[in-house]
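All remarks here apply to the structure that follows.
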Amino acid sequence: MQPTIALVDDDRNILTSVSIALEAEGFKVRTYNDGTEAMRGLAANPVDLAVLDIKMPRMDGMELLGRLRQNSNVPVIFLTSKDDEIDEVLGLRMGADDYITKPFSQRLLIERIRALLRRERAAQDDSEQEGVEPPLVRGDLMLDPARHLCTWKSEPVNLTVTEFLILKALAQRPGHVKNRDQLMDAAYGDSIYVDDRTIDSHIKRLRKKFKDADDDFAQIETLYGVGYRYREQ
């Protein structure tokens, strides 16, 4: 089946040129001029991946993603025009999977889209094969890859696929340090490079989600200049 991509941007030139490029690569494309229009369209017709501009009228990309994340873990790539927006975009309450800074290469965007879709298909294939990978339990943490389920002290914690894979990579070997390159490979595969700040922002978001569930959560440790580790019980 052809994957369906939502492209949300108030720049009609970008909508037209990127749509043509994506369709030439075999994707179906739905275009939206702003976040409000996209929210209505995506609620009625879910897609396989969304590419969102940040700066848009009526509802910007960050607000749109916040609303989408209330009931969807669809992979999201942000288009950002300023490097200094990156931490804000990928940190705190957002939960994007990747970002590309404008002006961008259409080939780079297509490669990032393909990489995220491959990862989604792999995760779905694993979940459809019972017994392939048993749940991972580390004290109060439980990660069930087959159901994409995460719980802390038996309470569910909703994670994106990227967050889930990063946390799993850390929790598989408590006490062992994972550098950013290793976490990039775990979350994105070795066929794609993302900026170090992307991993840092996902870690910030993971911590916030677990802190929201438990104020005492302190399992993800930072070793400055080295990487991250999941604290041994």
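General observations
- Scanning region 67-76 for residues that are surrounded by 22 or more Cβ atoms within 10 Å (Cβ to Cβ) and either more than 20 Å from ASN158 (Cβ to Cβ) or in contact with a Gly (Cβ under 8 Å, 6 or more places away or on another chain) (or both) returns a single hit, VAL76.
- Of all residues in region 160-190, those satisfying the criterion of being in a loop (DSSP other than H, G, I, E, B), at negative phi and in contact with a Lys or Arg (Cβ under 7 Å, 6 or more places away or on another chain) are PRO174, HIS176, VAL177.
- Answer residue from region 146-157, given it is without any contact (Cβ under 8 Å) to a residue 60 or more places away in the chain and outside any loop (DSSP other than H, G, I, E, B) and is least open to solvent (accessible area, probe 1.4 Å) among those: CYS150
- Filtered by the rule that a residue be buried (at least 22 other Cβ atoms within 10 Å of the Cβ) and of a type outside the set (A, V, I, L, M), region 158-177 gives THR160, THR162, PHE164.
- Restricting attention to region 52-87, the residues being at pLDDT below 85 and acidic (Asp, Glu) number 4.
- Residues that are farther than 13 Å from GLN106 by Cβ and open to solvent by less than 60 Å² (accessible area, probe 1.4 Å), drawn from region 12-36: GLY26, TYR32, ASN33, ASP34, GLY35, THR36
- Per the conditions (1) acidic (Asp, Glu); (2) free of Cβ contacts under 8 Å to residues at least 60 places away in the same chain; (3) under 16 Å from ARG58 (Cβ atoms), the sole criterion not satisfied by ASP9 is (2).
- LEU49 vs. criteria modelled with pLDDT of 85 or more and either surrounded by 14 or more Cβ atoms within 10 Å (Cβ to Cβ) or among the hydrophobic types (A, V, I, L, M, F, W, C) (or both): yes
The values are calculated or read from the model by the stated rules, or taken from the named source; none is laboratory data. From a predicted model like this one, the values you see are computed outputs, not experimental measurements. Virtual Cβ from ideal backbone geometry, glycine too; neighbours counted across all protein chains shown. Side chains included, ligands, DNA and RNA excluded: accessible areas come from the protein's heavy atoms. Shrake-Rupley method; radii C 1.70, N 1.55, O 1.52, S 1.80 Å.
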